[in-house]
Amino acid sequence: MFDTFAEKKFLLKQLVKKNLTSKYKDSVLGILWSFFNPLLIMIVFTAIFSMLFGRNIDNYPVYFLSGRLLYDFFSSGSKGAMNSIKKNSGILKKIYVPKYMFAVSAVCYEFVNFLISFAILFGVMIVTGAEFHPTLILSLIPIGLLFMLVFGLGLILAVCNTYFSDIGYLYNVFTLILMYASALFYPIEVVPVRVQILFTLNPVYTAISTFRECVYGVVPDFLSLAYLGVFAVTVLIIGIILFRMYEKKLSLEL
Amino acid sequence: MNLFKNKNNSKNRNYMEDEDGREIAISVEHLTMEFKVSKDKIDTLKEYIIRTLKRNKVAPKKVRILDDISFKVYKGERLGVLGFNGAGKSTLLKIISGIYEPTEGEIKINGKIAPLLALSAGFDKNYSGKNNIYLNGAFLSMTEDYIDEHFDEIVEFSELGESINYPVKNYSSGMKSKLGFSIATTIKPDILIIDEILGVGDIKFKKKSNEKIKSMMEEGVSVLLVTHSLKQIKEICDRCIWIENGKLLMEGETKKVVKAYKKNANKDKKKSKKKKKSKDKSDDDKKSDDKKSKDKKTEDKKSEDKKSKDKKTEDKKSEDKKSKDKKTEDKKSDDEKN
């Protein structure tokens, strides 16, 4: 069972598809919500905060959206992986399926969502007359590192959440704090200089700020990327080890 | 045999054989399974922290479902698993198919397994039957090409026709199990694991599914079968194991194990009968015995009576009397007919 890569690939494809169709079932617009959701939120935030911070930020819609997309991927990807084992307990208790496949599929599904909403960012950039800099290609680095971080964190949370269901509630609050600590809708200059150091320790903020630099045509700071890389790889390794240790015991806890 | 042995000794991965040189499909060694059934299970973090601080963490109570079970299924052999409800049969199959990890012991499997356990567990109710074929196939570790290849075969076998395009939430339970069965049985396995599956859907489909399973069992497939139908076990299995309260009670030829199992079941029934002093004769064997004795009675009544008396020394006298009364009645009616 699931010995070859082709079998796993097909299962992953089916699981991602299942997530996509089940999320927008019974909705008229269906997958279009993946576009509209970030767009509408961006409009709301632009309307409210561009008056407050507009002077300090060049092209507020792009600034907000570039942060929001990455944050959304981080928060929904890690939450999806966290809940993946519990959500599919009915299947896991009856059929043999490698459990990590559900966590992988949840992160991949959110990544697909993230790529879809990328079209919105490009659309907004065109509409607002923003310049497309060649550094945009470099944005793949923070995205890739963020993917690793989300996956590793998702694996850790999936194990913890299966044992203690209140990890899920706790994590929801944590992501809210993280949102305010990631300078999504305000410029980092608003924050006192001493506190700014704390921000740079936040890997989600590091991913967002380096990604923004790519969008705005600045080559991202190597040290920030290195910090994000080390952090992401460490979390990923811990996640894989932890998940491997507990994978076989998980079906007894469901 | 020696020739084969030499041939087999060439290094082959996953290859297993016992001392006699017979190839093994499934090997279960000292399998023990425990489930935690603590009354106050700690599943919130708060409780965990408080209890750790207070140091009154109660060790969770464990229940042993399977206790030191060892057996082997040889290649091409059909092994039946007998046991009353709650004996641990289904847990055993779940462990062998990889759903649960055993607490202790080792399981080795040589070949591709097809577990026919929960046939419609992987369905998405919002999906159409068509999409569910692909989804469920993926859960059973098929590849996309393989399903493409067998798609028409699955649809045809399931007898769903147009309904294959409807969402599964609108299916009846019979339709669901028919589709599940059709998907799961397209695999060409080396080892077939079956839990009470023979007979899905209506009479027509039941017959067809029985034939399908029988055809799957041909061509040297090893079978592990759990069922309460002794008839099926006698028909299909070469060898049987009998599990009771998680322990391996008996292992051997089907006839022998089934006989012992039956005897045990009847003994239990007799016990309860004595307690209840019920007049009902629910036992199938007794009915058949009665029938036999009826037939024989007309031939030589007296000697048969003696024999039956000897046979039923264990039984109560009242029962003997009853049967005697019955017999005499029967005899009268028989005489009248004659």
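No lab work stands behind these numbers, since they all come straight from the coordinates. Predicted, not measured: the structure shown is a model, and the values here were computed from it. Virtual Cβ from ideal backbone geometry, glycine too; neighbours counted across all protein chains shown.
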Self-check item: Separation in nanometres of the label points that stand 7 Å from Cα toward Cβ, at B:K234 and B:K46
Solution: 6.1 nm
Exercise. Give the dimensionless ratio obtained when the Cα radius of gyration of the range B:206-269 is divided by 2.2 N^0.38 Å.
Key: 1.25
Self-check item: Efficiency of FRET from Cβ geometry, A:Y163 and B:K267, R₀ 56 Å, rounded to 0.05
Solution: 0.80
Self-check item: Along each principal axis, Cα extent of the range A:203-248, largest first, Å
Solution: 47, 16, 12
Quiz item: Regarding the range B:76-173, what whole-number volume in Å³ per residue does the convex hull of its Cα atoms give?
Solution: 162 Å³
Quiz prompt | Spin-label pair A:L242/A:V191, simplified geometry with 7 Å Cα→Cβ offset, distance in nm | solution = 2.4 nm
Practice problem: Take the alpha-carbon positions of the range B:143-193, form their convex hull, and give its projected area averaged over all directions (one quarter of the hull surface) in nm². | Solution: 4.2 nm²
Practice problem: Calculate, for B:D152 and A:K249, the FRET efficiency according to 1/(1 + (r/R0)^6) with r their C-beta to C-beta distance and R0 35 Å; round to the nearest 0.05. | Solution: 0.25
Exercise. May I ask for the equivalent-ellipsoid semi-axes of chain A, computed as the square root of five times each C-alpha gyration tensor eigenvalue and listed largest first in whole Å?
Key: 33, 21, 17
Quiz prompt | Angle between chain A longest axis and helix A:100-127 axis [Cα atoms, degrees, rounded to 10] | solution = 20 degrees
Quiz item: What's the exposure ranking of B:I154, B:I24, going from fewest to most Cβ atoms within 10 Å?
Solution: B:I24, B:I154
Exercise. Calculate, for A:A47 and B:N126, the FRET efficiency according to 1/(1 + (r/R0)^6) with r their C-beta to C-beta distance and R0 25 Å; round to the nearest 0.05.
Key: 0.10
Self-check item: C-alpha long axis of helix A:166-180 to longest principal axis of chain A, angle in °
Solution: 10 degrees
Quiz item: Relative to the compact globular guide of 2.2 N^0.38 Å, what is the alpha carbon radius of gyration of the range A:141-254, as a ratio?
Solution: 1.22
Exercise. Quick one: grab Rg to one decimal and Dmax as a whole number for the range A:1-117, Cα atoms only, in Å.
Key: 17.9, 59
Quiz item: Counting other C-beta atoms within 10 Å, which of A:Y227, A:Y71, A:Y109 has the fewest, and how do the rest follow?
Solution: A:Y227, A:Y71, A:Y109
Quiz item: When a footprinting reagent is the concern and you count Cβ atoms within 10 Å, what order do A:Y205, B:Y100 take, fewest first?
Solution: B:Y100, A:Y205
Quiz item: Taking H as built 1.01 Å from N, whose amide H comes closer than 5 Å to the amide H of B:K247, not counting residues under 5 places away?
Solution: B:D67
